[in-house]
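Here, each number is a calculation from the coordinates, and none is a lab measurement. Bear in mind the structure is a predicted one, so any value in this text is a computation, not a measurement. Don't worry about glycine lacking a Cβ; one is built from the backbone with ideal geometry, like all the others, and counts go over all protein chains shown.
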Amino acid sequence: MAYARPSAVEVTVKNLQDKIPLYPKRIKKAILNVLSKEGIKKSGEITVCFVDDNKIKELNKEYSGQAFPTDVLAFDYSKNTSEISADIAVSTETAIRQSKIFKTTPLYEVYLYLIHGVLHLLGYDDDTLRKQARMQKRAEAILSSILFAKNVHP
């Protein structure tokens, strides 16, 4: 499978946790792959922070008023439609917990959350059951393609 990089999107990975070993180059490729699959040709930057439950709980409370940990938060700072400026926060502790429930691996969950966050930045929403199902199906399809793509797997 060919990997096409969208125009000039810089991805920065900040690993602020120690629960799951992460590979920044693979994470960057995964994000760029999502953008490519969604036909995004924008320029800009995305910063991804991998955090623990305490940090994501703090962010969730501050920005959504909900005082509990969540899997992923996406913050879109774009001022126009021609560029991306965003942050994504992913909780690795939530990924570990959820992997036991869904019988996956923590790394699988991390990538699923990452893709979910990028989809939010691209306009997907999950505020209804129907939208949740659509978004989950798209995230899983993208993750499946990434898992089987040469040199792009987690």
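Observations on the structure shown:
- Average Cα contact separation per residue, the range 9-148, under 8 Å, 6 or more apart, as relative contact order %: 22 percent
- Near residue 59, once Lys and Arg are set to +1 and Asp and Glu to -1 for all other residues with Cβ below 14 Å from its Cβ, the sum equals -3.
- Ranking of 85, 91 by neighbouring Cβ atoms within 10 Å, starting from the fewest: 85, 91.
- Candidate cross-link partners of residue 29 among the aspartates and glutamates, defined by an alpha-carbon separation under 12 Å and a same-chain spacing of 8 or more, comprise 10.
- In this structure, the residue pairs whose Cα-Cα separation is over 30 Å, taken from 57/103; 19/79; 19/61; 25/55; 14/37; 100/131, are 19/79.
- Plainly put, the chain has a radius of gyration that is 0.93 times its Kirkwood radius, both from alpha-carbon atoms, as the Rg/Rh ratio.
- Other residues within the sphere of radius under 12 Å centred on the Cβ of residue 141, judged by their own Cβ, net out at +2 (K and R +1, D and E -1).
- Here's how it looks for residue 49: its modeled amide H is under 5 Å from those of 14, 88, 89, 90, which are all 5 or more places away or on a different chain.
- Proximal charge balance of residue 18 [Cβ under 12 Å; K/R count +1, D/E count -1]: -1
- Taking 0.36 nm per residue of separation and subtracting the current Cα-Cα distance, fully stretching the chain between residue 68 and residue 82 would add 1.7 nm.
- Shown for the chain are the DSSP H helices of 18 Å or more along their axis, judged by Cα atoms, with a mean Kyte-Doolittle hydropathy of at least 0.5: 106-121.
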